[in-house]
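Colleague: If you scroll down you'll find the structure; I have some questions about it.
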Amino acid sequence: MRYRTLGGVRVSAVGLGAMPLSIEGRPDEARALATVHAALDAGVTLLDTADSYHLPGAEPGHNERLVARALAAHGGDTSDVLVATKGGRGRPAGGDWTVNGSPAHLKAAAEASRKRLGVEAIGLYQLHKPDPSVPFEESVGALRELLDAGTIRLAGVSNTDAEQIRRARVILGDRLVSVQNRYSPAVRDSEPELRLCAELGLAFLPWSPLGGLARSSLDGPSRTEGAQRFAAFHEVAAERAVSPQRVGLAWLLTRSPAVIPIPGASRPETARDSAAAADLILSAEERARLDESAAPVPA
């Protein structure tokens, strides 16, 4: 496992997004715990969760409690594992995603997350999404208060544009350590934010990092559409005898030293496959082929 830096903390170059373990289509608890354990055993030291990762209208905080149980049940040393959680979104009955960035909500949500995770302070706490009904500075100000109170150790923002990142930086200074935006071979809208993160020394955590790639080769033949549009990822995968997903994650790591992908998994096999991407070193020729195959950067 190779490593990268997030807020001065050394973490695995590839993390684990725990969301699939708690939402619709989630596995049973035994398999969910086994998936987290497989990631940990493969060297993963960054786990991503959120208080809103649960079934609609039921069990708020399910994913955080699951992550806490997985860490407690793991037989190895997990003291170097950084758990990143988020607040500011909800999932009421009906399945819609709500947004609440009020300082009062964020501070209460962070305290509830801290208790569910069973820690003295949350390793990394991120504003899940800016709330258009609340001034952005007020939401980020709540993160500053949580830092000052010792409820959280590190702070980040998610689903933000470059201007918002700069505004958050003004409020939090060096205590802003991460940005979590959607970014993948198929979706590269956050290229400006990625460049800004590299400039400011922030970690960039792509969510849904495998967008555009077909399901894992571990699941059987690739889907035709994905294989055609992103042919180079499948070609390199076949040449290397690995999954297209592993190639996709390895490609993401070449985009910038700031990148730390957090692919989701719901099976031990896929968690191990994703973790192995950290050690897949692409040649300059392979990188050029993949760059050409990936979706163009929006003008």
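Colleague: Shape of the stretch 109-184 from its Cα gyration tensor (a ≥ b ≥ c, root eigenvalues): rounded if a/c is under 1.5, otherwise prolate when a/b > b/c, or oblate?
Modeller: In terms of gyration-tensor shape, prolate.
Colleague: Taking the radius of gyration and the Kirkwood hydrodynamic radius from Cα positions alone, what is the Rg/Rh ratio for the stretch 41-116, to two decimal places? Don't jump to the answer; show the numbers that get you there.
Modeller: Details: Rg = 13.6 Å, Rh = 13.3 Å.
Taking Rg over the Kirkwood Rh, I get 1.02.
Colleague: Between helix 136-149 and the chain, what is the angle of the helix's C-alpha long axis to the longest principal axis, kept within 0 to 90° and rounded to the nearest 10?
Modeller: Roughly 80 degrees between the two axes.
Colleague: Could I ask something else about it? For the chain, set up a GNM with springs between Cα atoms under 10 Å and report which of PRO209, PRO192, PRO263 has the largest fluctuation.
Modeller: Answer for the Gaussian network model of the chain: PRO192.
Colleague: So how far apart, in nm, are the two label points at VAL297 and ALA231 if each is 7 Å from Cα heading toward Cβ?
Modeller: About 2.5 nm separates the two model spin labels.
Colleague: Could you pull out the longest piece of the chain with no exposed loop GluC sites (Glu not before Pro) in it, calling a site exposed if DSSP puts it outside H, G, I, E, B and it has at most 16 other Cβ atoms within 10 Å?
Modeller: Counting only loop sites that pass the neighbour cut-off, the longest clear stretch is 121-299.
Colleague: Can you tell me the dipole magnitude for the chain around its Cα centre, using point charges on the Cβ only (Lys, Arg +1; Asp, Glu -1), in Debye to the nearest 20?
Modeller: Using only the charged Cβ atoms, the result is roughly 200 debye.
Colleague: Given R₀ = 51 Å, FRET efficiency for ASP28-GLU163 by Cβ-Cβ distance, to 0.05?
Modeller: On the way: r = 43 Å, r/R0 = 0.85.
FRET efficiency, ASP28 to GLU163: 0.70.
Colleague: Still on this model: Taking Cα pairs under 8 Å and at least six residues apart, what relative contact order does the chain come out at, in percent?
Modeller: Taking the mean separation of contacting Cα pairs over the length of the chain, I get 20 percent.
Colleague: For the chain, which whole percent of the accessible surface, found with a 1.4 angstrom probe, sits on carbon and sulfur atoms?
Modeller: 49
Colleague: Which longest run of the chain has no exposed loop site in it, a site being trypsin sites (Lys or Arg not before Pro) in a DSSP loop with at most 15 other beta carbons within 10 Å, and the site itself not part of the run?
Modeller: Formally, the longest exposed-site-free interval is 3-222.
Colleague: Roughly how tilted is helix 191-200, in degrees to the nearest 10 and between 0 and 90, from the longest Cα axis of the chain?
Modeller: Long axis of 191-200 versus the principal axis of the chain: about 60 degrees.
Colleague: Roughly what % antiparallel, to the nearest 5, for the DSSP beta bridges in the chain?
Modeller: Given both bridge residues lie in the chain, the antiparallel proportion sits at roughly 20 percent.
Colleague: Relative contact order (percent) for the stretch 243-299, with alpha-carbon contacts under 8 angstrom and 6 or more residues of separation?
Modeller: 42
Colleague: Next question. With bins 10 Å wide starting at 0, give me the P(r) of the chain over every alpha carbon pair, in whole percents.
Modeller: Histogram of Cα-Cα distances, whole percents per bin: 7, 29, 36, 23, 5, 0.
Colleague: Taking the Cβ-Cβ separation of THR78 and GLU285 as r and a Förster radius of 35 Å, what is the calculated FRET efficiency to the nearest 0.05?
Modeller: On the way: r = 39 Å, r/R0 = 1.11.
Efficiency for this residue pair is about 0.35.
Colleague: Along the positive direction of the dipole of the chain (beta-carbon charges: Lys, Arg +1; Asp, Glu -1; about the Cα centre), which of GLY95, THR5, ALA186 reaches farthest?
Modeller: THR5
Colleague: Is the C-alpha gyration tensor of the stretch 50-171 telling us rounded, prolate or oblate? Criteria: a/c under 1.5 is rounded; beyond that, a/b larger than b/c is prolate, otherwise oblate. List each step's numbers first, then the result.
Modeller: Details: a/c = 2.06, a/b = 1.28, b/c = 1.61.
Since a/c reaches 1.5 but b/c is at least a/b, the shape of the stretch 50-171 is classed as oblate.
The values are calculated or read from the model by the stated rules, or taken from the named source; none is laboratory data. Bear in mind the structure is a predicted one, so any value in this text is a computation, not a measurement. All Cβ positions, even for glycine, are placed from backbone atoms using ideal geometry, and neighbour counts span all protein chains on display. Just so you know, the surface numbers come from the protein's heavy atoms only, side chains and all, with ligands and any DNA or RNA stripped out. Shrake-Rupley method; radii C 1.70, N 1.55, O 1.52, S 1.80 Å.
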